[in-house]
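The values are calculated or read from the model by the stated rules, or taken from the named source; none is laboratory data. A quick note: this is a predicted structure, and the numbers were derived from the prediction, not measured. Cβ atoms come from the backbone with ideal geometry, glycine included; neighbour counts cover every protein chain shown. Just so you know, the surface numbers come from the protein's heavy atoms only, side chains and all, with ligands and any DNA or RNA stripped out. Shrake-Rupley method; radii C 1.70, N 1.55, O 1.52, S 1.80 Å.
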Amino acid sequence: MTHPLLDNQSARRLFLDRHLLLRPGSGSGRGEDLEGVLDALGFVQVDSVNTLARAHDLILWSRRGQYRPKALEHLVARRRTAFEHWTHDAAVIPMAFYPMWRKKFMRDETRMRARWSELRRPGWDAEIEQVLRHIADNGPASSRDVGGEEKKGSSGWWDWQPSKIALEFLWRSGRLAICHRRGFRKFYDLAEHVIPEEHRNTHRDDGEIVDWAMSEALRRLGFGTSGELAAFFELATRDEAKTWCAAALSKGRIVEAEIGMADGSRRRSFTTEAILDNAACLPEPTARVRLLSPFDPALRDRTRAERLFGFRYRIEMFVPEAKRQYGYYVFPVLQGDRLIGRIDAKRADGALLIQAFWPEAGVRMGKARSSGLMSELERVRTLAETEAVKFADNWKHMTGRR
């Protein structure tokens, strides 16, 4: 049987368009416009690293240049049109998706009870209920308010105080919700005080949730294997994903296609006729150079990004400095439908300090492209709230092609 072929360039453009990175993009970056961006992406990962800007802020800024951090806080804490929970990691998610997360609440509770030894010790149910009562009686609370903070130098949940583990358990299992943040500190409240009634009281069975998760993942990715679709929201298991794909294929809801990879190979994937039609009429990509977050949704599946763009990316913050190939926290750089390099940039002494830029093999940094990179650095400087762009003393020695 012959399957439709989507060449690599068309596949890259389709994928980037689904992630709002192909076209120039315009909008206020707040309110309903920001809600539309969040819905189109499906979620934005929340991360605490703030060398230049936090991950969620850079992700949204790269789609909406007028975006500022308070706008996302407003959606979660005031408008209640988004909530924080878990996909593959902590994320901000459209509130309309909340009913689909009930499956994850139950699954996470089961996993935590099985894996977190503390939750199996005598007295832990009482600790959890005590934290819940404290919040019910006193209102929103952070880890400071219910029994102390994480230990200094903590390297993970296993170093947390009991109250912190209880908060995390109650949040992940859906009994609490994050109502706001102060700085980056989370404040929790009873879910019924945070989640609007229309979403809190809507229930879907597991079959509906799997169908929604797979369909919506395909809409945002454009194409994917059953495993890639399952991994998008992490609501469907791999077995559920395989079963869904087989059923959807037999009913004609999806089709198989050959997707061209960067190395010239082809990868069998699922898509739809409508998506393939859309891929055939996409516009030329914007020439803008874009600085992306290491946690950008377009890059969160590192293996997929490497296959599609020929761009191998790893975060090296946990790699000993002497063994790093690039740097502590290096930002991928996109232009058009290509990832053209990576840049080491951070805030330092009121400036945006550029320590290095590494073009990808075969990328020539001519006058136009270099000018585009400088323009992007000037743009991102406003998000980082710095006064100027500065370069490290050895900058010129670090910009040549490898």
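General remarks:
- Here is the figure for the range 216-262: residues that are closer than 21 Å to HIS85 by Cβ and in contact with an Asp or Glu (Cβ under 6 Å, 6 or more places away or on another chain) total 0.
- Boolean, ALA384 is modelled with pLDDT under 95, surrounded by 14 or more Cβ atoms within 10 Å (Cβ to Cβ) and over 25 Å from ARG12 (Cβ atoms): no
- For LEU291: the one exception among (1) surrounded by fewer than 20 Cβ atoms within 10 Å (Cβ to Cβ); (2) under 26 Å from THR51 (Cα atoms); (3) not β-branched (Val, Ile, Thr): (1)
- Those helices (runs of 4 or more DSSP H) lying entirely in the range 57-140 with at least 3 residues crowded, with 18+ Cβ neighbours inside 10 Å and in contact (Cβ under 8 Å) with a residue 60 or more places away in the chain: 102-115
- Looking only at residues in the range 258-267 that are assigned to a strand (DSSP E or B) and within 26 Å of the chain's Cα centre (by Cα), the one that is surrounded by the fewest Cβ atoms within 10 Å (Cβ to Cβ) is ARG267.
- Qualifying residue in the range 331-345 (condition: at pLDDT below 95 and among the aromatic types (Phe, Trp, Tyr)): no
- Positions within the range 167-209 being touching a Ser or Thr at 6+ places or on another chain (Cβ under 8 Å) and open to solvent by 10 Å² or more (accessible area, probe 1.4 Å), in sequence order: ARG182, PHE184, ARG185, LYS186, PHE187
- Within the range 244-256, residues that are closer than 18 Å to LEU5 by Cα and in contact (Cβ under 8 Å) with a residue 60 or more places away in the chain reach partners that are among the hydroxyl-bearing types (Ser, Thr, Tyr) and crowded, with 19+ Cβ neighbours inside 10 Å with beta carbons closer than 7 Å, at six or more positions or on different chains, in the pairs VAL255/THR271; VAL255/THR272.
- Taken over the range 274-303, residues that are within 18 Å of VAL44 (Cβ to Cβ) and either touching a residue at least 24 places away in the same chain (Cβ under 8 Å) or of a type in the set (Gly, Ala, Ser) (or both) amount to 12.
- Candidates LEU218, LEU249, filtered to the one that is open to solvent by less than 70 Å² (accessible area, probe 1.4 Å), over 28 Å from CYS179 (Cα atoms), of a type in the set (A, V, I, L, M, F, W, C) and touching a helix residue (DSSP H, G or I) at 6+ places or on another chain (Cβ under 9 Å): LEU218
- Top-ranked residue in the range 1-46 [being assigned to a helix (DSSP H, G or I) and small (Gly, Ala, Ser); ranked as farthest from PHE97 (Cα to Cα)]: SER10
- Failed criterion for LEU20 (all others in (1) over 22 Å from GLU234 (Cβ atoms); (2) at pLDDT 95 or above; (3) open to solvent by 50 Å² or more (accessible area, probe 1.4 Å) hold): (1)
- Qualifying residue in the range 332-344 (condition: over 25 Å from the mean Cα position of the chain (by Cα) and free of Cβ contacts under 8 Å to residues at least 24 places away in the same chain): no
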